[in-house]
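Below is one structure; the comments refer to it alone.
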Amino acid sequence: MNPYLYAAYIATWLIHIAYLGFLMRGYTRLRKELRE
Amino acid sequence: MKSTFTGLAILTALLLSWGLYQALVIAPTEQTMGDVQRIFYYHVPSAWTAFILFFINLIASIVYLANRSSKADALALAAAEVGVVFCTVVLVTGPIWARPVWGIWWTWDLRLTLTLVLWLIYVSYLMLRRFSSGGQTALIAAVLAVFGALDVPLVYFSIWFFRTQHPQPVMGNGGSIDPRMLHALLINWAAFSCFAALVLWSRFRLEVLRRNLEQTQALEELLQPRSSR
């Protein structure tokens, strides 16, 4: 398989995982604020 | 609500796995470009999903302008944010595909430039929402969203009406595609649409909860006796 193909697929999921991490951080912060 | 979310998450995981299998194994290898053409199965569905999300942002912004609904505003914000993520995927996978096929990472072609402009419009929308502190932020953002959405049809139709380096559409306007390729494309689009719906739902819920918390905190502040403030 072509390395550019792998690079594109991996880049796609890295972007989505980074955004999911951002969302998770938002929920964690909100839960912390709710507890305070 | 939770079971619907779990059901959608399971469906998304299945569709994404099936889509990946279709894209890498079942879809035939394109004769001119070879395996690198398989980027198409992530690049195109991501673009279509981004367009749908920007359309949701437009509708929610119009609803907000009409009745100042906080939920419509929260949905507009969530859709713009998730749309920018998908548009980023398009702008990253496009050059990775262009390099081996065109010999260059980027060219100031009409379709590419308009897509970059679209991304910049929605990034500026998000920056406005993040850094502006005035009471009119949501209103100004909604107006920006309505004008920003005008770029979506320009991006989509640019390859129909202008001669550009970007490939012509694969469906409609005389385009044709192998049925197995079309199948892989549509499955991946369904998979990314379900994934986008899940992420949009999570982001919308986070925004609504955050606003509710802020309202509660403001009320508590108001109801506190003066001596304890």
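What full-extension length gain, to one decimal in nm, is calculated for B:PHE55 and B:GLU221 as 0.36 nm per residue of separation minus the Cα-Cα distance? Gain on extension, B:PHE55 to B:GLU221, equals 56.0 nm. Phi-derived couplings, Karplus 6.51 cos²θ - 1.76 cosθ + 1.60 at θ = phi - 60°, listed residue by residue for the stretch B:179-186: x, 5, 5, 4, 4, 4, 5, 5 Hz, with x used for Gly and Pro. For the segment A:10-23, counting C-beta atoms of other chains within 10 Å of every residue's C-beta and taking the mean gives 5. For the stretch B:106-121, the residues whose backbone nitrogen is under 20 Å from a point 7 Å from the Cα of B:ARG163, taken along Cα to Cβ, are B:107-114. Exposure proxy for B:MET33, B:MET1: other Cβ atoms within 10 Å of each Cβ, ordered fewest to most, give B:MET1, B:MET33.
A simple rule links phi to the HN-Hα coupling: the Karplus curve 6.51 cos²θ - 1.76 cosθ + 1.60 with θ = phi - 60°, which for the stretch B:123-137 gives 5, 5, 4, 5, 5, 4, 5, 7, 9, 7, 10, x, x, 9, 3 Hz, with x for Gly and Pro.
Residue-normalised convex hull volume from the C-alpha trace of the stretch B:1-125: 114 Å³ per residue. Sorted largest first, the principal axis extents computed over the alpha-carbon atoms of chain B equal 78, 40, 28 Å.
Taking a temperature of 4 °C and a viscosity of 1.567 mPa s, what whole-number D in µm²/s does Stokes-Einstein yield for the protein assembly as shown with Rh from Kirkwood over alpha carbon pairs? Estimated via Stokes-Einstein, D reaches 64 µm²/s. Residue exposure proxy: B:ILE52, B:ILE39, ordered by other Cβ atoms within 10 angstrom of their Cβ from fewest to most, comes out as B:ILE52, B:ILE39.
Across the stretch B:46-59, coupling constants 3J(HN,Hα) worked out from phi with the 6.51/-1.76/1.60 Karplus curve, θ = phi - 60°, read 5, 5, 4, 5, 4, 4, 4, 5, 5, 5, 4, 4, 5, 4 Hz, and Gly and Pro carry x.
Footprinting exposure proxy ranking of B:SER202, B:SER61, B:SER69, fewest other C-beta atoms within 10 angstrom first, gives B:SER69, B:SER202, B:SER61. The mean count of C-beta atoms from other chains within 10 Å of the C-beta of residues in B:13-23, rounded to a whole number, is 0.
How much of the pair distance distribution for the stretch B:8-65 lies past 15 Å, counting alpha-carbon pairs only, in percent?
Looking at the stretch B:8-65, the distances longer than 15 Å represent 65 percent of pairs.
Computed from Cα positions, the angle between helix B:70-102 and the longest principal axis of chain B comes to roughly 30 degrees.
In summary, the convex hull built on the alpha carbon positions of the stretch B:110-229 has an orientation-averaged projected area of 10.5 nm².
Bear in mind these aren't lab numbers, they're just calculated from the coordinates by the rules spelled out. The model shown is predicted, which means the values in this text are computed figures rather than measured ones. Neighbour counts run over all protein chains shown; Cβ positions are idealised from the backbone, glycine included.
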